[in-house]
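Okay, so here's the structure we're looking at.
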Amino acid sequence: SSWAAQEARFTYETLGVNGRARSGDLFAEKLPGSGETVLLAWVVNELPEGLRAKLLPALFACGAQVLVIEPIATRLLPWWSEWRQAFEARGGRADEWRFPATLPARLKELDHAAGLRHDELTARSLYLPASLKP
């Protein structure tokens, strides 16, 4: 999504992080190599199962450190445990993140009206430093 790439570029700039964000076909791009990082945030879950299965070994082979971030939603992430096991088998780690959130009053009303409850923001991550790859 070009919108997501633009948001990522804005975030990198705001945080002072040296990074690139692109939209397009993930499999048409060459993955970063040694000394670089692949960040896949809210991306892997959007891939069809066959492409997701193709991506995992490509990530391990590219030589870069890898960070995958996805929402905490067991029903929506049936592939997560396989990926978690693959990352951990290579010395990586899996984490769940929970941050308290205080929404502005109007947003809290909309959140409640939609049947949501965002008193905390959550995500899960997989991380593999390049130095731990076989």
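The values are calculated or read from the model by the stated rules, or taken from the named source; none is laboratory data. Just so it is clear, the model here is predicted, and its values are computed rather than measured. When we count neighbours, we look across all protein chains shown, and the Cβ atoms used for this are built from the backbone with ideal geometry, even at glycine. These area figures cover heavy atoms from the full protein model, side chains too; ligands, DNA and RNA do not enter into them. Shrake-Rupley method; radii C 1.70, N 1.55, O 1.52, S 1.80 Å.
Annotations for the structure displayed:
- Computed lengthening from residue 7 to residue 25, 0.36 nm per intervening residue step minus Cα-Cα distance: 4.7 nm
- Taking trypsin sites (Lys or Arg not before Pro) across the range 92-131, the ones in a DSSP loop with at most 13 further Cβ atoms lying within 10 angstrom of their Cβ are 117.
- 27, 60, 10, ranked by accessible area, largest first (probe 1.4 Å): 10, 27, 60
- For the range 12-87, the set of trypsin sites (Lys or Arg not before Pro) satisfying both a DSSP loop assignment and a count of at most 14 other C-beta atoms within 10 Å is given as 20, 22, 30.
- Fraction of antiparallel bridges per DSSP, the chain only, in percent to nearest 5: 70 percent
- Annotation: extensible slack from residue 81 through residue 122 equals 13.0 nm (criterion: 0.36 nm per residue apart, minus Cα-Cα distance).
- Mean separation of Cα contacts under 8 Å, 6 or more apart, over the residue count of the chain: relative contact order %: 25 percent
- Cα-based helix-to-principal-axis angle, 2-15 vs the chain, degrees rounded to 10: 90 degrees
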